[in-house]
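S.K.: Mind looking over this structure? Questions follow.
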Amino acid sequence: MKCLVSGAIALMTVAGCGSAPSAPEETASTASTIQGGVTDTTDDFAVGITIAFGGGEGAVCSGALIAPNLVATARHCADQLSSDQIDCASSTFGPAYLPSLYTVTNGSVLGQGTSYAVSKIVTPSGANQTGVCGNDIALLILSTNIPLAQYVEPVLNPPMTDHSMWATDVAAIGYGLDTPTDTAGTTAGTRRIRENIGLVCIPNDPSFVDCYSDPTAKQFIFPSEFESGDGTCEGDSGSSAYDQVQYNNGKWVSFGVLSRGGVSSDGQTCVGSIYSRFDSWAQLLVDTANEAAQMGGYTPPAWTTTAGLDAASPGSVAASGADGTVCAANGACLSQNCVSTDGTNFVCASACGTGNVCAAGSICEGGYCFPAGDAGAAPPTTTTKKSGCAIALAGDPTAPGPWRAAALGLATVGLAFGRRRRR
């Protein structure tokens, strides 16, 4: 089954955020709005992102301010995509869009309020980080600081799997549609929130038993991602999933950015929301936040010094286990994946697939890079099991329709969000 990148809204003839301006209607961009949510006029840490290609063409994504001049969003809102529909085995990122095309606003309605320019865009740059699934995160450094009393704190360390610290329900805030049946796009462009959405699957988290044990699930979600229940739709790409308990207490804490989602087989409901985990990209976040602070002339956020980086990200300094190293926990591995082919002998292993190629001497099996001598013995298992994935498996007659980009054409570029139409 192919997955829809759920979150970007295209303007005019652009099919989606991350598709080329000349792409056809069903482009591989994320587009989702908050389905079943309510208008949100107060949470000004949640922002709308407009990309203007010129000639009346453009696209819209959502994001979150994690520092005065730093926005976290989805990478498919910054880089073009190789395919209309998101297939974790083959979909990759292409050329990047220019920062000069972007404007960001924290107004509750797109096209209203102050607009801020983007000076730099940072995305994962590793040779094995070109695949869409598992690498869908981008950071926008703004040209001007946005003054707020409080900014969003990304969950880095302890990781989101520490449920003594973090909740398993989230609030979703974005600028997308509130139903996939809105082909005119009249419900998009307004910031909305939906609360108390349950998390469904966190790979390698014992609280979600068996949700990742089926090798087929590895075709749709990567270890550096997580899935929540229904709520986001077309136009919410890059929006954050906020810890519900922290939100209730007046603190804005986010687990990650929306990458993709799907639509039910009858086309009536947006289903599932797969996010890129912040705690899988701690080094990228800390490095970029320090750079943004220098550019913006302020002290780096506290989370850049308390992140730990000991077990938080593939690039963390203390997690030393390379692929093939014997391990007992995910935190010991650079890949954050301590897995086994026989359920007994565990080794560190990177996720693999098109765009994520195994190093020489290893082969890709069950979605992980195992030393050639260890692979093939049995289906891979993880150090912990997961449960409850709402990801539909191929051939399942009850599964939702193909997860694909749902581009929303708009009559104007990010200003007067009046009449909208689908190409």
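The values are calculated or read from the model by the stated rules, or taken from the named source; none is laboratory data. Computed from a predicted model, the values in this text were never measured in an experiment. Cβ sites come from the backbone with ideal geometry, for glycine too, and all protein chains shown count toward neighbours.
S.K.: Which of (1) surrounded by 20 or more Cβ atoms within 10 Å (Cβ to Cβ); (2) of a type outside the set (Lys, Arg); (3) more than 28 Å from ASN249 (Cα to Cα) is the odd one out, the single condition VAL152 does not satisfy?
M.R.: Here VAL152 clears every test but (3).
S.K.: Considering only region 63-85, I want to know if a residue exists there that is over 29 Å from MET295 (Cα atoms), touching a residue at least 60 places away in the same chain (Cβ under 8 Å), buried (at least 24 other Cβ atoms within 10 Å of the Cβ) and out of contact with any helix residue (DSSP H, G or I) (no Cβ under 7 Å at 6 or more places or on another chain).
M.R.: yes
S.K.: Of everything in region 164-212, what is touching a Ser or Thr at 6+ places or on another chain (Cβ under 6 Å) and more than 18 Å from LEU258 (Cβ to Cβ)? Give them in sequence order.
M.R.: Result: ASN204, ASP205, PRO206, PHE208, VAL209, ASP210, CYS211.
S.K.: When you scan region 319-365 for strands (runs of 3 or more DSSP E) that lie fully inside it, which ones turn up with 1 or more residues that are modelled with pLDDT under 75?
M.R.: Correct list: 338-340, 346-348.
S.K.: Shifting gears a bit: Looking at (1) of a type in the set (Ser, Thr, Tyr); (2) over 13 Å from the mean Cα position of the chain (by Cα); (3) in a strand (DSSP E or B), which one does SER207 not meet, given that it meets all the others?
M.R.: (3)
S.K.: If SER125 passes every condition in (1) within 17 Å of the chain's Cα centre (by Cα); (2) on the phi > 0 side of the Ramachandran plot; (3) free of Cβ contacts under 8 Å to residues at least 12 places away in the same chain but one, which one does it miss?
M.R.: (2)
S.K.: So which strands (runs of 3 or more DSSP E) stay within region 39-116 end to end and still have 3 or more residues that are over 23 Å from PRO154 (Cβ atoms) and modelled with pLDDT under 95?
M.R.: Result: 46-54, 57-67.
S.K.: Within region 72-85, track down each residue that is out of contact with any Asp or Glu (no Cβ under 9 Å at 6 or more places or on another chain) and among the aliphatic types (A, V, I, L, M).
M.R.: ALA72, ALA78, LEU81
S.K.: Just checking, how many residues over region 133-150 are hydroxyl-bearing (Ser, Thr, Tyr) and either in contact with a Phe, Trp or Tyr (Cβ under 6 Å, 6 or more places away or on another chain) or at pLDDT below 95 (or both)?
M.R.: Residues in region 133-150 being hydroxyl-bearing (Ser, Thr, Tyr) and either in contact with a Phe, Trp or Tyr (Cβ under 6 Å, 6 or more places away or on another chain) or at pLDDT below 95 (or both): 1 in total.
S.K.: Name the residue, out of ILE221, ILE141, ILE193, that is in contact (Cβ under 8 Å) with a residue 40 or more places away in the chain, in a loop (DSSP other than H, G, I, E, B), under 25 Å from HIS76 (Cβ atoms) and of a type outside the set (Asp, Glu).
M.R.: Details: ILE141 fails: in a loop (DSSP other than H, G, I, E, B); ILE193 fails: in a loop (DSSP other than H, G, I, E, B).
Going through ILE221, ILE141, ILE193 in turn, the sole match is ILE221.
S.K.: Further question on the same structure: Taking THR187 as the residue in question, decide whether it is surrounded by 24 or more Cβ atoms within 10 Å (Cβ to Cβ) and in contact (Cβ under 8 Å) with a residue 12 or more places away in the chain.
M.R.: Numbers: surrounded by 24 or more Cβ atoms within 10 Å (Cβ to Cβ): no; in contact (Cβ under 8 Å) with a residue 12 or more places away in the chain: yes.
Taking the combined requirement at face value, the residue does not satisfy it.
S.K.: Would a scan of region 87-101 turn up a residue that is without any contact (Cβ under 8 Å) to a residue 40 or more places away in the chain and closer than 29 Å to TYR247 by Cα?
M.R.: no
S.K.: Can I ask one more? Looking at the structure I just gave you, is LEU110 within 18 Å of LEU140 (Cβ to Cβ) and without any contact (Cβ under 8 Å) to a residue 12 or more places away in the chain?
M.R.: When the stated conditions are applied, LEU110 does not pass them.
S.K.: So, of the residues in region 111-140 that are under 16 Å from SER239 (Cα atoms) and among the aliphatic types (A, V, I, L, M), which turns out to be surrounded by the fewest Cβ atoms within 10 Å (Cβ to Cβ)?
M.R.: Across region 111-140, the extreme among qualifying residues is LEU139.
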